[in-house]
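See below for the structure under consideration.
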Amino acid sequence: MEIIITDTAYDTANDAASRISTFINNKPNSLLCFAAGETPLCVFTILIDLQKKNHVDLSSVYYVGLDEWEGLSQDTKGSCYQVMSDNFYTVAGIPSSRIKRWNGICVSPEDELNDVYQYIIAHGGIDLALLGIGMNGHIGFNEPFTGLPKKCIRVKLDKTTQSVSKKYFDIPTKVSYGLSIGAGELKNSQKIILMATGIHKADIVKSTIELPNDISIPSSLLTDHQNISLLLDKDAASKFSL
Ligand code: F6R
């Protein structure tokens, strides 16, 4: 696994954005999967800036949502789709025909999981996944001990995830289950960019690197991917030893 450590979270985002824009320019019409959450927000801002300068056409590729909180609509502030829409899709002017979004208030989660999975298959799999590491190591909503499921999954959210979720919502919002692309399917991506920034991620980054293939640390299950880059700022990288 390539590990890149930069001075600041901005530098980490800049590196990620530059890799993504090069990828898009080399492979228009590819399928990208971006995590929502706080970590990639600056990546989105930089990508949009690169597009304004005509360095990349962000509408030349397709996007599939990584995950969604079950029970939250796409309009709910703090839902994964709303975060992606407000910070990326809408600002970047991505046509809705280029986006596969999750419906967290679907009547049948089983149909929803299959629908997103079929979209991925129809595109020949995910080409590039930009992922954040959760406080418990989760990837998407692949919680500890979920393993490497292929396809898409409905997962009972871990206590840590339920507690951390409060940062995304303005009003108290109970979340119990998540809908997510399975870690096995993510691991099939041609390229993975895994990101973590901030001192609060230092412990889980240490575990990710020092305990490869540990089922209790989902992020560690990706580290033997043939084309993965772990991008860290120096705070997130402050505790591990190689
Ligand atoms: C978000 C997602 C999550 C986050 C992870 C890190 O779509 O799937 O796995 O990437 O929880 O979240 P932040 O970046 O907010 O620390």
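The values are calculated or read from the model by the stated rules, or taken from the named source; none is laboratory data. Given the structure is predicted, the values throughout are model-derived calculations rather than measurements. No Cβ is skipped: glycine too gets one built from the backbone with ideal geometry, and neighbour counts run over all protein chains shown.
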Candidates 50, 58, 72 - the one that is in contact (Cβ under 8 Å) with a residue 60 or more places away in the chain and aliphatic (A, V, I, L, M): 72
Subset of the stretch 59-97 (residues that are acidic (Asp, Glu) and modelled with pLDDT of 95 or more): 67, 68, 70, 86
Of all residues in the stretch 97-123 being of a type in the set (Lys, Arg) and in contact with a strand residue (DSSP E or B) (Cβ under 6 Å, 6 or more places away or on another chain), the one that is farthest from residue 33 (Cα to Cα): 98
Some residue of the stretch 133-140 being surrounded by fewer than 24 Cβ atoms within 10 Å (Cβ to Cβ) and in contact with a strand residue (DSSP E or B) (Cβ under 9 Å, 6 or more places away or on another chain): no
Some residue of the stretch 47-62 being surrounded by 16 or more Cβ atoms within 10 Å (Cβ to Cβ), within 12 Å of the ligand (Cβ to nearest atom), not polar (S, T, N, Q) and not in a helix (DSSP H, G or I): no
Any hit, the stretch 4-17, residues being without any contact (Cβ under 8 Å) to a residue 60 or more places away in the chain, under 23 Å from residue 97 (Cβ atoms) and either of a type outside the set (Gly, Ala, Ser) or crowded, with 21+ Cβ neighbours inside 10 Å (or both): no
Check on residue 224, part of a helix (DSSP H, G or I), among the acidic types (Asp, Glu) and surrounded by fewer than 17 Cβ atoms within 10 Å (Cβ to Cβ): no
Segments classed as helices (runs of 4 or more DSSP H), wholly inside the stretch 99-207, with at least 1 members that are within 12 Å of the ligand (Cβ to nearest atom), free of Cβ contacts under 8 Å to residues at least 40 places away in the same chain and hydrophobic (A, V, I, L, M, F, W, C): 159-164
